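So the structure is just underneath, and the comments pick up after that.
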Amino acid sequence: MKGLFGRFGTSCNVEFKIADVEKRKTIEVQTDKATQKLYIFTEAEPIRGKILAKVSDGKKIEHQGIKVDFVGQIELFYDRGNHYEFTSLTNELAGPGELGPETTFEFDFSNAEKQYESYNGINVRLRYFLKFTIIRSLATNITKEQDIWVINFQSPPEINNSIKMEVGIEDCLHIEFEYGRSKYHLKDVIIGKIYFLLVRIKIKYMELALIKRESTGSGPNLYNESETLTKYEIMDGAPVRGESIPIRLFLGGFDLTPTYRNVHNKFSVKFYLNLVLVDEEDRRYFKQQEITLWRKNAASGIAVNAMAQPETRKKKKKTSKKSPKTEGAPDEKQSFED
């Protein structure tokens, strides 16, 4: 956390010393330049510490003031010239004067707003950082930045309905899939089942994929980037009518973020379960279903949500208002895309 700065004049070594680092977790973040190890903060935590400034060769630097800013900003990679600040606070450290050979400044951002999580994506980055500035009139300002990483814990969702959907191709394929819940914490387990109600095409295998979709910008500058986080085969060979395929996907093994929706009107991050069937002619049929991810505080004592099992086929038949013979009606199912 040290830096040597100064251009066309005396250089200055600046070091950030954030308070209570021995108790604070860190995260390694890959940036354009290198991998950085950053301290993790939550929304309510204050940011305090000291800044040590050492002027080279024991000299002094004349300045018009010294300050440190706490900044939250969004950087869109297709618009690198513009950074969108959503929070900014300033601690004035010194008025105009001279900076001696070695000076220590204290800073305190107890009420710093950190409503969004830090994010380092494909086309966008949301970052929080401290910026130390020595203002000079006849020379370039001396600046040094120190990033931090912010995560925000969320309460368990009050409503967490199961996902049930019937999809198919008319007179060829009709399946029903069920997932126990629609919202999952980042270390959760997705449990579900797939039922084959009508099979008249020769299916070779079936896959399930977890997809992350990042959307940035709007209008003509809207960019969507999809990334397949994992994909695995859940069935090999042709199914028969009435067959049931279980689904179990552990999320803890992946580097996930919560779902972000329209962050500061700049970007969103969503997650989808993508069900793919491949027939013997290698034609692919797929259906995507969005799920919501949230961050649970493991240290808060909040109990893990019970892993809701999808209803059994037998139970559904008892509660269904439709006869199985009418399940193929166009208004009751969604077609696969070929």
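The values are calculated or read from the model by the stated rules, or taken from the named source; none is laboratory data. Computed from a predicted structure; not experimentally measured. Backbone-built Cβ (ideal geometry, glycine too); neighbour counts: all protein chains shown. When the accessible area is computed, the model is the full protein with side chains, heavy atoms only, and any ligands, DNA or RNA have been set aside. Shrake-Rupley method; radii C 1.70, N 1.55, O 1.52, S 1.80 Å.
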request  = Whole number in Å², please: accessible area per residue of the range 126-242, 1.4 Å probe, ligands, DNA and RNA not counted.
outcome  = 45 Å²
key: Karplus (6.51, -1.76, 1.60) ³J(HN,Hα), θ = phi - 60°, over the range 48-57, in Hz, Gly and Pro reported as x   = 10, x, 10, 10, 9, 10, 10, 8, 5, 6
inquiry  = With +1 assigned to the C-beta of every Lys and Arg and -1 to the C-beta of every Asp and Glu, and no other charges, what is the dipole magnitude of the range 138-185 about the Cα centre in debye, to the nearest 20?
reply    = 420 debye
query = If you stretched the chain out fully between GLN288 and ASN13, how much longer would it get, using 0.36 nm times the residue separation minus the C-alpha to C-alpha distance?
reply = 93.7 nm
key: Label-point separation, ARG24 to GLN36 (7 Å along Cα→Cβ), nm   = 1.3 nm
inquiry  = Take ASP57 and LYS164, extend 7 Å from each Cα along the Cα→Cβ direction, and tell me the distance between the two endpoints in nm.
reply    = 8.0 nm
query = How large is ³J(HN,Hα) for each residue in the range 141-146, as worked out from phi by the Karplus curve 6.51 cos²θ - 1.76 cosθ + 1.60 (θ = phi - 60°), to whole Hz, x for Gly and Pro?
reply = 4, 9, 10, 8, 10, 9
key: Accessible heavy-atom area order of GLU233, GLU15, highest first, probe of 1.4 Å   = GLU233, GLU15
ask   = Given the pairs LYS202/LYS287; LYS183/LYS296; LYS33/LYS131; LYS231/LYS296; LYS37/LYS60, which span a C-alpha to C-alpha distance of over 21 angstrom in this model?
value = LYS231/LYS296; LYS37/LYS60
